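Below: one structure, written as structure tokens.
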Amino acid sequence: MRIRCIANNGEHLPENYIDPARGYTKKVELPLTVGKEYVVYAIRAWQGVVWYYICDDNYSYYPIQTPAPLFEVVDSRVSKYWQFMLDPNGVLRFAFEQWFTDPYFYDKLTDQEEAEVEIFDRVKELMDAEDFSFPPLDVAVEKLRETVSV
Amino acid sequence: MNQGAIPDDSPRNLPEQLLLQDAKAGNCRAIQGGPDDILGDVSRLVALYGGNSEDWYKMTSIQAFTINGASVQIHWFENAQILQQVELKFKRQYPKIAPKNL
């Protein structure tokens, strides 16, 4: 999934994204370039507020949550590395396997622990290079039928 | 996760000091935390410093300076209700050196 930045400051955020506790005010300026495309490595959504985890212009070793309304989706196809999770409190997440198998993965990644930084480095490499080109539906079905026929 | 309190890091040079001032002046945002993204370390934070789980955030400076070859950000934990800031850390990430072809 790829997104394009359409705004990089709090002026463009809907009211439900304004959250001073998280640092999101009308005055916040984020390290994003308007017009630039970013790969989405994970998504979190809760009560109508959606966050994309991207490597922004200050990226050093972890993807950071960034408000969805600052972007338009330019490629809506989702990563084959993603898994889905719905928390008991209604938080919806898409992320790669390690994010879910270790409940402290993102804590450890942002703490700069070597193993988690290495894992994200590898996942990023795979997701950045992910090939989304699929054959047309009829060709794909034909191929599938060829492989399952006896 | 750690058990005890972690002392604040100190800036090593003037650019790190300026980065710290900028972050503490409000140029910061949450990496994680709050009611929809509870911190893994939150039990320790509540036990040590008090407050409610959903009020704790891991914050980062929005700016990231390149200092002595490293990309530097500042992280800390913050209780949004009482604006308590603890366990400040300088995160220095050095670029990877590509392996040489033999």
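The values are calculated or read from the model by the stated rules, or taken from the named source; none is laboratory data. From a predicted model like this one, the values you see are computed outputs, not experimental measurements. Cβ: placed from backbone, ideal geometry, glycine included. Neighbour counts: every protein chain shown.
Does at least one position in the range A:24-44 carry a residue that is among the acidic types (Asp, Glu), without any contact (Cβ under 8 Å) to a residue 12 or more places away in the chain and out of contact with any Lys or Arg (no Cβ under 7 Å at 6 or more places or on another chain)?
Filtering the range A:24-44 for residues among the acidic types (Asp, Glu) gives A:29, A:37.
With the extra rule that they be without any contact (Cβ under 8 Å) to a residue 12 or more places away in the chain, the set shrinks to none.
Looking through the range A:24-44, none of the residues is among the acidic types (Asp, Glu), without any contact (Cβ under 8 Å) to a residue 12 or more places away in the chain and out of contact with any Lys or Arg (no Cβ under 7 Å at 6 or more places or on another chain).
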> If you take just the helices (runs of 4 or more DSSP H) that sit entirely in the range A:64-150, which of them hold at least 3 residues that are at negative phi, crowded, with 17+ Cβ neighbours inside 10 Å and touching a residue at least 60 places away in the same chain (Cβ under 8 Å)?
Replying inline: A:114-128
> Just for the range B:45-82: of the residues that are among the charged types (D, E, K, R) and more than 22 Å from A:Leu32 (Cβ to Cβ), which one is nearest to the chain's Cα centre (by Cα)?
Replying inline: B:Glu78
>> Can you pull out every residue in the range A:26-44 that is surrounded by fewer than 20 Cβ atoms within 10 Å (Cβ to Cβ), more than 8 Å from every other protein chain (Cβ to nearest Cβ) and out of contact with any Phe, Trp or Tyr (no Cβ under 7 Å at 6 or more places or on another chain)?
In response: A:Lys26, A:Lys27, A:Thr33, A:Val34, A:Gly35, A:Lys36, A:Glu37, A:Val39
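Residues checked against (1) over 13 Å from B:Ala80 (Cβ atoms); (2) of a type in the set (S, T, N, Q); (3) without any contact (Cβ under 8 Å) to a residue 12 or more places away in the chain; (4) loosely packed, with under 14 Cβ neighbours inside 10 Å:
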position	(1), (2), (3), (4)
B:Gln21	yes, yes, yes, yes
B:Ala25	yes, no, yes, yes
B:Gly33	no, no, no, no
B:Asp36	yes, no, yes, no
B:Val42	no, no, no, no
B:Val46	yes, no, yes, no
B:Glu54	no, no, no, no
B:Thr60	yes, yes, no, no
> Has the range B:81-95 got any residue that is closer than 23 Å to A:Pro67 by Cα, surrounded by 20 or more Cβ atoms within 10 Å (Cβ to Cβ), in contact with an Asp or Glu (Cβ under 9 Å, 6 or more places away or on another chain) and not polar (S, T, N, Q)?
Replying inline: no
> Mind checking which pairs have a first residue in the range B:74-99 that is more than 9 Å from every other protein chain (Cβ to nearest Cβ) and farther than 21 Å from A:Tyr62 by Cβ and a second that is modelled with pLDDT of 95 or more and not in a loop (DSSP other than H, G, I, E, B), Cβ under 6 Å, 6 or more apart or different chains?
Replying inline: B:Asn79/B:Asp55; B:Asn79/B:Trp56
> Within the range B:63-75, can one find any residue that is surrounded by fewer than 16 Cβ atoms within 10 Å (Cβ to Cβ) and more than 23 Å from A:Val117 (Cα to Cα)?
Replying inline: no
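If you scan the range B:37-81, which residues turn out to be of a type outside the set (A, V, I, L, M, F, W, C), within 25 Å of B:Ile97 (Cβ to Cβ) and in a strand (DSSP E or B)? Before you say what the answer is, go through the steps one by one.
Going residue by residue through the range B:37-81, those that are of a type outside the set (A, V, I, L, M, F, W, C) are B:37, B:40-41, B:43-44, B:49-55, B:57-58, B:60-61, B:63, B:66, B:68-69, B:71, B:73, B:75, B:78-79, B:81.
Right, trim to within 25 Å of B:Ile97 (Cβ to Cβ) and you get B:66, B:68-69, B:71, B:73, B:75.
Residues satisfying the conditions are B:Thr66, B:Ser71, B:Gln73, B:His75.
Considering the range A:14-31 alone, what residues qualify as being in a loop (DSSP other than H, G, I, E, B) and either out of contact with any strand residue (DSSP E or B) (no Cβ under 9 Å at 6 or more places or on another chain) or within 16 Å of B:Cys28 (Cβ to Cβ) (or both)? Explain how you work it out, then say what you get.
If we filter the range A:14-31 for residues that are in a loop (DSSP other than H, G, I, E, B), which is where we start, we get A:14, A:18, A:23, A:25-28, A:30-31.
Those that are in a loop (DSSP other than H, G, I, E, B) and either out of contact with any strand residue (DSSP E or B) (no Cβ under 9 Å at 6 or more places or on another chain) or within 16 Å of B:Cys28 (Cβ to Cβ) (or both): A:Ile18, A:Gly23, A:Thr25, A:Lys26, A:Lys27, A:Val28, A:Leu30, A:Pro31.
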